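Everything on this sheet refers to the single structure shown next.
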Amino acid sequence: MTIEADKVEAILREHWHIPKDLSAETLQYLAFRIQVMVGQKYSRDNLKYQLCQMQTKDLKQDPDDPACDKIASLLLGNSTA
């Protein structure tokens with residue numbers, strides 16, 4: 001069973017600093033992309049890498065490696081329900 005996009009978004013908000021000027025559509029799009037990766041059973045390391053890329057390219061932030069690792073672990077743990 002795959003994790004829902006709104007749960008992905010909530011996990012991102014909890015562990016990343018989401019800029020106030022980031023549109024809701026952009027965050028929803030990131031959550032959807034992550035949901036697809038989880039559904040495709042990305043490895044934790046690969047998902048963590050993709051999260052760091054999103055944080056750098058889409059959020060224009062320095063990657064927070066521990067936060068990305070935590071997010072990847074939570075998402076992959078939730079996907080095996």
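The values are calculated or read from the model by the stated rules, or taken from the named source; none is laboratory data. All of these numbers come straight from a predicted model, not from anything done at the bench. No Cβ is skipped: glycine too gets one built from the backbone with ideal geometry, and neighbour counts run over all protein chains shown.
Tabulated values for the structure
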quantity	calculated
The listed residue being touching a Cys at 6+ places or on another chain (Cβ under 6 Å) and of a type in the set (Lys, Arg), out of LYS20, LYS48, LYS57	LYS48
Single residue of segment 41-58 satisfying the filter (part of a loop (DSSP other than H, G, I, E, B) and modelled with pLDDT of 95 or more) that is surrounded by the most Cβ atoms within 10 Å (Cβ to Cβ)	TYR42
Residue ID - farthest from GLN53 (Cα to Cα), chosen from residues in segment 8-39 that are surrounded by fewer than 15 Cβ atoms within 10 Å (Cβ to Cβ) and touching a residue at least 24 places away in the same chain (Cβ under 8 Å)	GLY39
Segment 64-77: number of residues that are of a type outside the set (Asp, Glu), crowded, with 16+ Cβ neighbours inside 10 Å and either outside any helix (DSSP H, G or I) or without any contact (Cβ under 8 Å) to a residue 12 or more places away in the chain (or both)	0
